[in-house]
Every structure is written in C-alpha cells, then in structure tokens.
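Read the structure below first, then the notes.
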C-alpha cells in the first residue's frame, strides 16, 4: 500500500479516536447527572457502543497505521525528540482510553462516585494531549 494511503488512514483513525474521546466523557457528565432509570440505562448502552464500536477500533487503527508509517524510517523517527515526546503523549492517551473503559464499568455496575463536575474537567484532558501531539508533529520544536 502506498505511503500516502497509510498516512490518510492514520489521520482518519486519529480523527475517529478523538471524536470518541471527546464525546465519551461528555456522556459521563450526563450519566452522572441522570436520576431516572431509563436515562441511566440509555447512557450505559451509548457508552458501551461508543467505546467498543468506535473508540477502541479507532485507537487500534491509529496505532497500527502509526507504527506502519514509522516503520518506513525507524532510524529517523527514533532519533527525533519531537517523535519520542509524541509517543509519550500517545501512550498517555492510550492510558486515558483504558481509564474511560474502567469508568464505563463503574457506571455499568452503578458504582460511579464521581460528580458531573469531575467529568467536565476529565473531558478536557484529551484536548491538551491533542494540542501537544499536533505541536510535536507540525512544529517539531526539538
């Protein structure tokens, strides 16, 4: 497959992954505020489908296409500080994704103890990671 196609698929995967990471914590905000059983059950379904149907496949595709792209010039990329910082940010984002899965489990079992205010702040974290990744890739400050 030509390099350009792999890069396009990588970007598409990143956009889909971030869409899920931006929307899922917003669902947590609404879920934490819900006080009627039909709404609570609806949020459980929405969270599960978003995480497993869109977020996780997009994350796996992002990682797959990203590694594939880096494999074209590993010596170059592994010698670049901006790339190593980007990898650290991506690993942080993977941990955030996994944490979201844990929180889905907490909601599924009706064991969430966090407020909607917590989730409003939690929702901002992927934005900071996105800014860092874009700066590393485009500006390459190091």
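Read-outs: derived from the displayed coordinates by stated rules, not from any lab. Only a predicted model underlies this, so the values are computations on that prediction, with no experimental measurement involved.
List of remarks:
- Crossing angle, helix 81-108 versus the chain [Cα axis fit, 0-90 degrees, rounded to tens]: 20 degrees
- Segment residue 75-residue 95, extension gain: residue separation times 0.36 nm, minus the distance between their alpha carbons: 4.6 nm
- For q = 0.10, 0.14, 0.17 Å⁻¹, Debye-computed log10 I/I(0) when each Cα of the chain counts as one equal scatterer: -0.39, -0.69, -0.92
- Helix 125-138 vs. the chain, principal-axis angle (Cα, 0 to 90°, nearest 10): 10 degrees
- Tilt relative to the chain, helix 56-70 - C-alpha long axis, 0 to 90 degrees, to 10: 10 degrees
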